[in-house]
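*Asks:* One structure, as structure tokens, below. Some questions next.
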Amino acid sequence: MTSITLQNVVTEFPIYGMQRNLRRNLYWRIFGKEGAHNGRVVVRALDNICLTVRDGDRLGIMGHNGAGKTTILRIFAGIYAPTHGKVDIQGRVSTLLHTAPGLDLDDTGYENILTCGLYLGMSSEEIAAKMKDIEDFVELGDYLALPVRTYSAGMMVRLGFAVATAIDPEILVLDEGLSAGDARFTERASQRIQQLVKRTNILILASHSDALIREMCNRAILLNHGSLVADGTPDEIIAEYRELLKQPQAPTLSAEVIPMIT
């Protein structure tokens, strides 16, 4: 049975190049003594997260910019390892954080379908079995035999999207920013995403959108400055998020606003 368990997960990122005493003292004042490790400034992006996601969960993650949503998505995806704590994942994780998973402009569309499919964890047999579905969905015809550098931007997005949504994941980590390009394609893309979600055992989605969380999730959590502050139904968490947004947010530095670690 698929599941994900985070036990006291802490994720920290060191900030290098802090040579000036004034700047270093300012950071220490913001983050406290625990933010200074052997003279280094450390940003704590996730703070002691305990969470279990079970088979059948459609988990929405909400929070203001800098709350830790991107960081926890990457923990779920295995992109980041926790600084402290433990992550236990039972099941195959597929990440869908963008619509161009490994496209090579010099390869043909067909070659990119194979490459991107392998990048997403599919076997060559799985890719071959899904080839007709991908061909029909992208509607690129003979262009699939041409190098991708000859495609328009919209054609490249459609190709990447079709391959990325052809997976059969056990655990799907999904970014709300996933886009399918032109307006005519949007409705079909939305239906394809819904079909993808139905095929997965666990969905994890980070979003600011109330409508998207309500539509796709049966559970949600709220992050605030790296801490998990609420876990409940989508309606409960949306209400708490709206209340949180009414409160003034003290300036803070998080992993999501530092280019070197986002």
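*Asks:* Can you work out the Karplus-derived ³J(HN,Hα) for every residue in the range 123-129? Use 6.51 cos²θ - 1.76 cosθ + 1.60 with θ = phi - 60°, whole Hz, and x for glycine or proline.
*Replies:* Per residue, the Karplus-derived 3J(HN,Hα) values read 7, 4, 5, 4, 5, 4, 5 Hz.
*Asks:* Based on the alpha-carbon gyration tensor of the range 45-88 and its eigenvalue square roots a ≥ b ≥ c, which shape applies: rounded if a/c is under 1.5, prolate if not and a/b is larger than b/c, or oblate?
*Replies:* Here the range 45-88 falls in the oblate category.
*Asks:* Report, to two decimal places, the Cα Rg of the range 96-200 normalised by 2.2 N^0.38 Å (N = number of residues).
*Replies:* Against the compact-globule rule of thumb, the ratio is 0.97.
*Asks:* While we're on this one: Sorting LEU159, LEU245 on the 10 Å Cβ count, fewest up front, what's the list?
*Replies:* Final ranking by Cβ density, sparse to dense: LEU245, LEU159.
*Asks:* Here is a further query. If neighbour count is taken as other Cβ atoms inside 10 Å, put ASP133, ASP57 in order from fewest to most.
*Replies:* ASP133, ASP57
*Asks:* Going by average Cβ density within 10 Å per residue, which order do the peptides 196-207, 83-94 take, highest to lowest?
*Replies:* 196-207, 83-94
Laboratory data are not the source of any read-out in this text; all were calculated from the coordinates shown. It should be emphasised that the depicted structure is a prediction, and the values quoted were computed from it without experimental measurement. A quick note on method: Cβ atoms are made from the backbone with ideal geometry, for glycine too, and the neighbour counts reach across all protein chains shown.
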